[in-house]
Amino acid sequence: MADKETRVATAPGRTPTNLTQGGRTKAGIGESTLRPDGTLKVTGEFAYSSDMWHEDMLWGFTLRSTVAHAEIRSIDTSEALATSGVYAVLTYDDLPTDVKNYGLEIQDTPVLAHGKVRHHGEPVALVAADHPETARRAAAKIKIDYAELPVVTDEASATAEGAPLIHENRDDHHVGHVPHPNIVHRQPIIRGNADEAAKKADVIVSGEYVFGMQDQAFLGPESGLAVPGEDGGVDLYVATQWLHSDLRQIAPVLGLPPEKVRMTLSGVGGAFGGREDLSMQIHACLLALRTGKPVKIVYNRFESFFGHVHRHPAKLWYEHGATKDGKLTHLKCRIVLDGGAYASASPAVVGNASSLAVGPYVVDDVDIEALALYSNNPPCGAMRGFGAVQACFAYEAQMDKVAKKLGMDPVAFRQLNAMEQGTLMPTGQPVDSPAPVAELLRRVKAMPLPPEQQWLAAGTGADVRALPGGLSNTTHGEDVVRGIGYAVGIKNVGFSEGFDDYSTARVRMEVVGGVPVATVHTAMAEVGQGGVTVHAQIARTELGVQQVTIQPADTRVGSAGSTSASRQTYVTGGAVKNTCEHVREQVLDIGRRKFGTYHPAWATAELLLEGGKVVTDGGEVLANLADVLEDEAVDLELEWRHRPTEPFDLHTGQGNGHVQYSFAAHRAVVEVDTGLGLVKVIELACAQDVGKALNPLSVVGQIQGGTTQGLGVAVMEEIIVDPKTAKVRNPSFTDYLIPTILDTPTIPVDVLELADEHAPYGLRGVGEAPTLSSTPAVLAAIRNATGLELNKTPVRPEHLTGT
Amino acid sequence: MRVTFTVNGRRQEADDVWEGESLLYVLRERMGLPGSKNACEQGECGSCTVRLDGVPVCSCLVAAGQVEGRDVVTVEGLADFARQRAEGGGCASGACGTSIDEAQRWQARPADAQSDEAADLPRETLSPIQQAFIDAGAVQCGFCTPGLLVAADELLERNDSPSDADIREALSGNLCRCTGYEKILDAVRLAAARGEDRTAGQGA
């Protein structure tokens, strides 16, 4: 077995460091402990992946396709290679092994395009040079002869007779059950009899909804440094969401055994799903191995828009029925997600969109279909909310429509149909933990409303900064009307459908300088969510120590799974807790061995570690941890799993597919300038059940951040793809707008803690649920203000003014 | 070309600078100061904000040659910069007695009541705005943080009692994708409130 400690490449000038917290830090779970990486981050010393630097390093650059669908007739790299300062130019022909594709589930994504390109911005060639500008200029000299092919951009063009097949020779495990080879995966969910149930309906409401393509727009660009090792391997310092998933995809392409690809997580500047797929990882390794020099790649913002997958745009058709006393009778719906050129996470997104298509409501009779297309649009995959976001946008619009048709209050109507603990999902799975949907709606509705017309508050004429349009000074409030809207959503936590969703934690406990300390080592990607804070809190709680060191995440420890699906505190937090419990038992065994004869409680009592001591559950102190351990160390690495799930039946969608659900409700208050078509969101209140807030400060931060991303998609965020050419029109922060501090309102948060008995500490994944309901709440508020139907995100001025 | 300028109070020289290089590139890649962040490199996100002769600028939009002979302050120098600005001692950072709750209830003073006395800042390793960002939970992934800190520090230098609208206006050029900005507002309010506490504590 290879020595895991061997580091045969020289480390870069800046590397991720241990995070040690001790002293006066607020201790355990339930406390708003401050981040252990906070000081590094506010002083500029935190080593992000784009900050990696190595003596003598080269810069890599990726040449990308300028067309969306084309045959590559030829590539001429000679002029680029002859450029002074250029060390290597690589194309498909230079790949070292027969493994030339990668992918999260389906290996359909080429490392470098071969034969053809399938989307605008697909990587075609790589350059390594001594200056980033040299690399860019050399790449511009590469000549590619494209023979353009017709593009497939929507369901009609993808499934039309004679439509070009995006992947001609599919052999993945979905191809056998999809109705067309340009469909990645399709999941129906049939329960009861929707046609029969529809006959009982007094009102039937249908709608067609369009959800635009959203971008994760994390601020830290795709970047990293690959350092070739003397053993022929490579050390990769990179920002990712799942080191071991990357490793599984990288090593075969390089032709290296996994232990020769040593990965270290470097500072991650946000992720939101956009770092689940590989970006520059393999490219940097290929250039480093070819040149024998460290190679750094840093995408600029333009390239970042091409370098990661986006949120699936979707078209959704919904039909609900209800009796006149307000009970939902049935749901029929069809959800078409555009997965773009490569599969990425599309199959799992389909599973989520279909199984969560009903929302947090009781509907016994459903006929649901969700599918994802292959097209020549940009590839789409994971983004915060993962398939549940698109469905929530549609079902919440429907709830308002049905309530309106029945003449009922929209919140009361939702509460009347709200699911609760014990409700069966459309998949037949019972919801076996608290599901406080009606209560969350009640709480968010009960929050005080912000005062009206705040722009007049000063009493000295309108403060234009508080008006829609703000500092543009285009109005003084003449056409401004207010609206209020509500929405609620349900999101699954963790990976579903039978996935072995485990995590690994290594915990070491020892005495250093007379003080007991714990060291926690996992491969969890800290992407900003605060996992490092929570892991230290868990170790303090379980081991009774004050000082905890969090080691950098790397592949020397077992997989932690992905930092996504709201799963990381549950699963890796659970793994840290579990390992700590085993460490505690071994520490107590040492204590029994040394001191057992001195006090009967060692053998008979329930013993705890608290405040650096071994204590009985009655509070009696038996020993100092320092005396128990002396110069011994307890060091364990263990895997931990949550309850297993099972795949959905391919025809009926039945199955216990999900681990846990999380719920959030929003109330949006907006002011709309009906003359200008401008919207200002005044307040976006949220109530969310988190099971147990391990770190209340971080929980509120996650909820506010998720809420703001949902606000963004409601009123401004969309990657615009030309429907004729499938080219991306707005790959920049000039043209793709994310909310600024002026666009983002006050976000009061009401946190509910109803423990889930199946989860560690009763916790419930937090990060994604608030992204679901904030978008439909804002839309509902704009509809309430304007009376317009508005079935599309984002709402643009022309939708409000009819121009 | 060679570019000589002052960074965080120290004279620095960069050699072999290509004419197209930005101040951001020179700081990050030639001077070993990666604190200013490269989030968009097109002047849209504010992550690379530095003070150039006291004025906040996006360092990605400043050609390196433009800073010849001038004075730059980056996030790495923010604590020293704040310390030099303040004269005299003060309470320890983070221990001025203002809680987040109090800071959230804090109101900007009316303009006519503003004192022009210099705020006392802590002699600690962090500037007050850096400490406030940590204490308020305004740091998540942290990539936007350096730029926000430089911009917020400049705001508080101009206006030690900013209203929420003032804070929003001053930070509107700095994108953050993680926090939803609420805790960033909290942090600026906290730093302002702590500044007032110190002034009040000295009988101002």
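The values are calculated or read from the model by the stated rules, or taken from the named source; none is laboratory data. Because the structure is a prediction, the values reported are computed rather than measured. All Cβ positions, glycine included, derive from the backbone under ideal geometry; neighbour counts span all protein chains shown. Surface areas here come from the heavy atoms of the whole protein model, side chains and all, with no ligands, DNA or RNA. Shrake-Rupley method; radii C 1.70, N 1.55, O 1.52, S 1.80 Å.
With respect to the cross-link table entries A:Lys200/A:Lys404; A:Lys296/B:Lys37; A:Lys143/A:Lys293; A:Lys26/A:Lys613, which display a Cα-Cα separation exceeding 23 Å? Don't skip to the end; give the middle numbers.
Values: A:Lys200/A:Lys404 19 Å; A:Lys296/B:Lys37 16 Å; A:Lys143/A:Lys293 26 Å; A:Lys26/A:Lys613 18 Å.
Where the Cα-Cα span goes over 23 Å, the pairs concerned are A:Lys143/A:Lys293.
Looking at the range A:449-526, the GluC sites (Glu not before Pro) that sit in a DSSP loop and have at most 13 other Cβ atoms within 10 Å of their own Cβ are A:Glu452, A:Glu478.
Which value at 222 nm does chain A reach when only helices count, each DSSP H run of 4 or more adding -39,500 (n - 2.57), with the total divided by all residues and rounded to the nearest 500 deg cm²/dmol? It would help to have the intermediate numbers written out before the result.
Values: 19 runs with 198 residues, N = 803.
It lands at -7500 deg cm²/dmol.
Could you work out how much longer the chain between A:Asp735 and A:Asp94 gets when fully extended? Use 0.36 nm per residue separation minus the Cα distance between them, nm to one decimal. It would help to have the intermediate numbers written out before the result.
Details: separation 641, 0.36 × 641 = 230.76 nm, distance 3.61 nm.
Here the segment from A:Asp735 to A:Asp94 would lengthen by 227.2 nm.
Counting every C-alpha pair in the range A:659-803, the share spaced more than 29 angstrom apart comes to 26%.
Could you tell me the relative contact order of chain A? Use alpha-carbon pairs under 8 Å, at least six residues apart, and round to a whole percent.
Working: 2106 pairs, mean separation 127.0, N = 803.
So the answer I get is 16 percent.
Note down the net charge around A:Glu632, summing +1 for each Lys or Arg and -1 for each Asp or Glu among other residues with Cβ under 13 Å from its Cβ. Taking every Cβ under 13 Å from that of A:Glu632, the sum is -3.
The separation of the range A:524-571 from the range A:305-323, counted between C-alpha centres, amounts to 33 Å.
The coefficient of translational diffusion for the range B:3-74, derived via Stokes-Einstein from the alpha carbon Kirkwood radius under 25 °C and 0.890 mPa s, stands at 209 µm²/s. Peptide B:36-48 shows a mean partner chain C-beta count of 6 within 10 Å per residue C-beta. Quick one: go through the range A:457-497 and flag any residue whose amide nitrogen is under 18 Å from the point 7 Å out along the Cα-to-Cβ line of A:Asp649. Label zone hits: A:497. Calculate the translational D of chain A in whole µm² s⁻¹ from Stokes-Einstein, where the hydrodynamic radius comes from the Kirkwood formula applied to all Cα pairs, the temperature is 20 °C and the viscosity 1.002 mPa s. In µm²/s, the coefficient is 77.
Which one, B:Leu61, B:Gly46, B:Val26, is farthest towards the positive end of the dipole of the range B:3-74 when Lys and Arg carry +1 and Asp and Glu -1 on their Cβ? Positive-most Cα among the choices belongs to B:Gly46. Spin-label model, A:Ser84 to A:Asp627: label points 7 Å out along the Cα-to-beta-carbon direction sit 7.5 nm apart. Note on A:Ser206 and A:Val481: the model spin-label points, each 7 Å out from Cα along the C-beta direction, lie 2.9 nm apart.
For the range A:570-701, what is the relative contact order in percent, using Cα pairs closer than 8 Å and at least 6 residues apart in sequence? Once divided by the residue count of the range A:570-701, the mean separation gives 16 percent. Taking 0.36 nm per residue of sequence separation and removing the Cα-Cα distance, the A:Ala147/A:Lys724 pair yields an extension gain of 206.1 nm. As a length-normalised measure over Cα pairs under 8 Å and 6 or more apart, the relative contact order of the range A:502-641 settles at 35 percent. Charge dipole of the protein assembly as shown (Cα centre as origin; +1 on each Lys and Arg Cβ, -1 on each Asp and Glu Cβ, all else neutral): 620 debye, rounded to the nearest 20. Based on alpha carbons, the Rg and Dmax found for the range A:502-641 are 15.4, 49 Å. With a cut-off of 14 Å between beta carbons, the residues surrounding A:Ala668 carry a summed charge of 0, where Lys and Arg count +1 and Asp and Glu -1.
Put +1 on the Cβ of every Lys and Arg and -1 on every Asp and Glu Cβ in chain A; which of A:Leu456, A:Gln702, A:Gln390 then has its Cα farthest towards the positive end of the dipole? Result: A:Leu456. For the range A:632-661, GluC sites (Glu not before Pro) are listed when DSSP marks them as loop and at most 14 other Cβ atoms sit within 10 Å of their Cβ; the list is A:Glu632.
Solvent-accessible area assigned to carbon and sulfur over the protein assembly as shown amounts to 48 percent, based on a 1.4 Å probe. The contact between chain B and chain A removes approximately 4500 Å² from the accessible area (both sides summed; 1.4 Å probe; ligands, DNA and RNA excluded).
Rounded to the nearest 20 debye, the dipole size of the range A:221-343 about its Cα centre is 440 debye, using +1 on the Cβ of Lys and Arg and -1 on the Cβ of Asp and Glu. Taking the solvent-accessible surface of protein heavy atoms with a 1.4 Å probe, what is the per residue accessible area of the protein assembly as shown in Å²? So the protein assembly as shown comes to 35 Å² accessible per residue, rounded to a whole number.
Using the Cα centre of the protein assembly as shown as origin and beta-carbon charges of +1 (Lys, Arg) and -1 (Asp, Glu), tell me which of A:Ala518, A:Thr153, A:His758 is placed farthest towards the positive end of the dipole. The one lying farthest along the dipole's positive direction is A:Thr153. The convex hull defined by the C-alpha atoms of the range A:39-115 has an orientation-averaged projected area of 9.1 nm². Heavy-atom accessible surface of A:Glu31, to the nearest 10 Å², is about 70 Å², with a 1.4 Å probe and all protein chains retained. Using the alpha-carbon centroid of each, what span in Å lies between the range A:656-720 and the range A:182-207? Taking the Cα centre of the range A:182-207 as reference, the centre of the range A:656-720 is 28 Å away.
What is the Cα centroid distance between the range A:762-799 and the range A:410-471, reported in whole angstrom? Computed from Cα coordinates, the inter-centre distance equals 11 Å. Of the GluC sites (Glu not before Pro) found in the range A:743-803, those that fall in a DSSP loop while having at most 10 other beta-carbon atoms within 10 Å are A:Glu757. About its Cα centre, the range A:502-641 has a charge dipole of approximately 320 debye under the convention of +1 per Lys or Arg Cβ and -1 per Asp or Glu Cβ, with nothing else charged. For the pair A:Asp364 and B:Glu102, label points projected 7 Å from Cα toward Cβ lie 5.9 nm apart.
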